Amino acid sequence: MSDTSPFASDDDHEGFDRDDKDDKDDERHSASYEVPDEPHDGPAGPDAPGGPGDHDGPVGGGRDPGRSPRIPMPRASVEDGGRALPALSAPEDSGSLGDLGGLGNLRGPADLTPRSAPLVLEHHVLKSLLGAWALAACAPEETAAVEEHLGGCGPCADEALRLREAVGLLHPPESLDLDPALRTRVLQGCLDRRPPRIPVPDWAGPYDAETARLDALLQDIGDAEWHAPVRLRWFEADTATSRRTTVAGVIAHLLTVDGLVAVTLGLDDPLGEVPADAPTPAARTEAYWRASHFPPTRSVRAPWREQSHDIVRTVSFTGGGAGKLPVAYGDFELPLHDAMLDRAFECWVHAEDIAEAVDYPYEPPSARHLHRMIDLAARMLPLVLAARRRGGLSAPGQGRHLVPAGEPGRSLRLEIEGSGGGEWLIPLDSPAALGSADREVAHVALDGVEFCRLAAGHVSPAEAAAGQLGDREAIRDVLFAAASLSRM
C-alpha cells in the first residue's frame, strides 16, 4: 500500500513520525555533548569547535530551531592566559568601572576608588613620629608613611618595637576580681548621702560586713558542696589541734557561738535550753551537733543568717551604750563591742575554711575592719601571757626575768605590716604595767593577715614571724600566746 494512500491508517503515520523523531533526538544529543580536545578562548576558526566549520544548524551560523542549544565549554581565566587585567580605576567624569566585563556605567563599590599616594616625609620627620605611632595617635596618612618607612629602615624598626613594648607597660593587666573594699566604699558613699535613721554602731560594722560576705559565699555553692569536708584548726596547750566537720557543720558552729551574743541581747538561744555542761563555745557546738540532724545540711543557713540579722538590728536599736554588756564565753568574758569583733574575726576565718574546701576565692576583710581585729588580739595578749605564766607555760612563770621593784617593765614591739597594720607595745611582765612598760627588749614584724592566721591557729608560731630582733625567749612567749588565742 502506498504511503500516500488516503486509506493509510493513523497508526502508520504515527509510527513514521515517532521513528523520525527518535533519529533526530539521537543526532541532536550527539552534537550537543561533543567535547573538544582542548579548551579554546580565542576567536573561533573555521575548524574550531563552534566555528563555521562545526555547526548544528544551517550554514551561516544559524541555529536550527528544532534543536536544543549547545552547552558552552568553560572559558579560561584571563589570568592564565597571560593577558593584562582590566583597570580598576573609574573615569573621573562618570565614576564608572570602565571596561570591567562590559558593565557599562554601573557605579563601583567604595573600595574600588583610587587611594591617595602615601606622604613623602624625610627620615628625621618619620623618626619623630614613631612615639605617636606607637600610641596610635597618628593620622591615617602619617601612619601609612611611618609603616612604609619601617619596612626599609632597620634602626627605626627597632626603635618602634621598643616604643610599642613601652606602651604595653603603661597599661598593666588588671585583675578581674572585685576589690574587697568595694562593698565598704559603696556603703560608705550611700550612708554619706543619706544617713540611716537608726545607724549600726561602728563597733558592729565588722560583724555586719563579714556575715554578709559569708552569706554571699554560701549562696554560690551547690547542694553537694554543703557536705564538703572542712577541718577546723586551733592551738591547745601549745599543740596544734583539729576537728573534722563539713561546710554545714561550720555554719552550725557559728550559729551556736553567735548565740552567746544573742543571749546577752535577750534573743533566743539556738540551743533552746542550754545544757549545764555546755558553757564554752566548743561544748555548745558539740551539744548542737549531737542534738540536731547530723551531719547538718544546708537548712542551717537560714537560722544562722536570721540570727545575725537579729543581732545587728538589736544592737542598732539599743545604741552604743550596749557595747559594755558582758558576754560570757565560759572561762572568760568580753564586753559586747569586743565580742562582736571576735565574732567577725571568727566568721572571716571560718569563711576562708569553707572557701578552701569548695575551691572558691575569698579575700581578707577591709583594712579598717582588719585593723580592729588585730587591735583586739593585741589588747588580749597581755591577759593571755599572764594566764600562761600562771600555768607555767611562759618563761617569767618559772622565776626568770623577775622585775625589781621600781624598775619599768619589759615590753615587746609588735609591728604589723600591710593592710590594717600598725604598732603595739605588748607588756611582758604584768598587764597592769602597760603604762610603764617602756623597756623594749624585742621587736617582731608580721604581715597583718599572717598575724590573724596565727591568732586563729592556722599558722604555727615557728613559721609566723617575718622579722625578729631582741630577746628570743620573749618573742617565743608572745608568738605562742597569740596562737593560744585560737579556739574551736
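Here are the numbers for this structure:
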read-out: Cut-off under 5 Å, modelled amide H: who pairs with Val459 long-range; value: Leu454
read-out: Label point distance in nm, His309-Ala228, each placed 7 Å from Cα along Cα→Cβ; value: 2.6
read-out: By average C-beta atoms within 10 angstrom, highest first, the peptides 365-374, 138-147; value: 365-374, 138-147
read-out: Contour excess over end-to-end distance, with Cα ends at Phe317 and Arg244 and 0.36 nm allotted per residue; value: 22.5 nm
read-out: 3J(HN,Hα) from dihedral phi, the range 347-364, Karplus parametrisation 6.51/-1.76/1.60, rounded to Hz, x for glycine, proline; value: 4, 5, 4, 6, 5, 5, 4, 5, 4, 5, 5, 9, 6, 10, x, 8, 9, x
read-out: Cα gyration tensor shape for the range 123-170, rounded if a/c is under 1.5, else prolate or oblate; value: oblate
read-out: Sorted peptide list for 351-363, 197-209, criterion being average Cβ within 10 angstrom, highest first; value: 197-209, 351-363
read-out: Cα pair distances of the range 200-362 binned at 5 Å [whole percent]; value: 1, 9, 19, 22, 21, 16, 9, 3, 0
read-out: Span per principal axis, largest first, for the Cα atoms of the range 436-488 (Å); value: 35, 21, 17
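Laboratory data are not the source of any read-out in this text; all were calculated from the coordinates shown. Remember, it's a predicted structure, so these values are computed and weren't measured experimentally. Backbone-built Cβ (ideal geometry, glycine too); neighbour counts: all protein chains shown.
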